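The values are calculated or read from the model by the stated rules, or taken from the named source; none is laboratory data. Just so it is clear, the structure is predicted and the values come from calculations on it, not from any experiment. Reconstructed Cβ throughout: ideal geometry from the backbone, glycine too, with neighbour counts over all protein chains shown.
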Amino acid sequence: MSAILYGVGARAHRAWMKRGEPARGRLACAVVSVGGMTVGGAGKTPVAARIALGLSRRGWRVALASRGYRGRSRDPVRVVSDGSRIRTSIEEAGDESLVLAAHAPGVPVMVGRDRRIVGHHAVSAFDAQILVLDDGFQHHRLPRDLDIVCVDGIAGFGNRRVLPAGPLREPLSALRSADWLCLVDGAGEGTKGAEIEAGDAIGLEVMRASRCPVDLVRIDQGERRPVESLKGMRVGLLAGIARPASLRETLAGLGADVAAERTFPDHHAYRAADCLELDESMDLWVTTEKDALKILPEWVKGISLFALRIEAEIEQEARVLGRLESRLREAGRLPRSPDVIADAES
């Protein structure tokens, strides 16, 4: 019964906010949302960072907006990065916003509960032409020009039931409000073909992305190692993420023997006690980037703790970004090229 009520409430909220969209108006820049239908990690944040970085490299003035989940700041807008330097702390802005800034160098990153307000600031402070929302599919206050929904290529939509009976934040019918479906990982045997078929059935464009390990960074010394160095090593896994199994599978895929684990809930706020008595017989311990941001080096003395850096790679990225630009131009939300506005002002 609780799942039925949750689904009805989510559907009603989306419909109600859709009705009020004309009155709220659109930002003076294009808005691209990268979101998801399920709780947990579907690759939304690395995909959002990759799209923002790709568009920035194509000459557009881009900004990233996140809610700042678990951040303490109650400011309407908190600038995490101005594109050149970090301007706040993880305690104020939350872990995912710092990861966004790390993976989209040169792109301003801001957080705020109402991303409509954040978007106005992106335009006024950074002259943004495109605002990319991280985890924005359920943020109905801000009208979007393009909605991309990420789905894990292995887990898919699970049992296709809404919370608390399943992993869905909304009934699957909400996919009709999306424009693109982004299948993240699972491009081989494990691909959830039914998810692709679901997108095709309602006319969604389908893109693919992969979360690719880049390197390992030791949190206390900054030492970098190639991911190939994990082969044959006995490693421990330390993580506070939604799906620790995904990190375990990644490490195993790189040839590591995951012989010890210590896991916590997603967005865990680490304390020194959480790092006590880690097995020193491991060749090294591995954590995620967002976990590493919350672990002080002095908490892990005597332990080699490395953060595994993972970036998103978009299949046929140039074609995808070109198609995204075309869609926004067709909607009248982008000029012919990034230089048009600058030329007109000079």
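Among the strands (runs of 3 or more DSSP E) lying completely within segment 213-288, list those that include at least 1 residues that are surrounded by fewer than 15 Cβ atoms within 10 Å (Cβ to Cβ) and in contact with a strand residue (DSSP E or B) (Cβ under 9 Å, 6 or more places away or on another chain).
224-226, 234-239, 257-263
Test Ile90 against the stated conditions and say whether it is surrounded by 20 or more Cβ atoms within 10 Å (Cβ to Cβ) and touching a strand residue (DSSP E or B) at 6+ places or on another chain (Cβ under 6 Å).
So Ile90 fails the test.
Please verify whether segment 253-270 includes one or more residues that are closer than 15 Å to Ile310 by Cα and of a type outside the set (Val, Ile, Thr).
Yes.
Among the residues of segment 50-59, is there at least one that is touching a Ser or Thr at 6+ places or on another chain (Cβ under 6 Å), touching a residue at least 40 places away in the same chain (Cβ under 8 Å) and not in a loop (DSSP other than H, G, I, E, B)?
Looking for residues that are touching a Ser or Thr at 6+ places or on another chain (Cβ under 6 Å), touching a residue at least 40 places away in the same chain (Cβ under 8 Å) and not in a loop (DSSP other than H, G, I, E, B), one finds none in segment 50-59, hence no.
Do we have Asp291 as under 21 Å from Arg234 (Cα atoms) and either part of a helix (DSSP H, G or I) or not assigned by TED's automatic domain parsing to the domain that holds Ala252 (or both) here?
Answer is yes for this residue.
Out of all the residues in segment 226-250, which are at pLDDT below 95 and among the basic types (Lys, Arg)?
The answer is Arg243, and nothing else.
So how many residues does segment 15-35 have that are buried (at least 19 other Cβ atoms within 10 Å of the Cβ) and either touching a Gly at 6+ places or on another chain (Cβ under 6 Å) or at pLDDT below 95 (or both)?
Number satisfying all stated conditions: 3.
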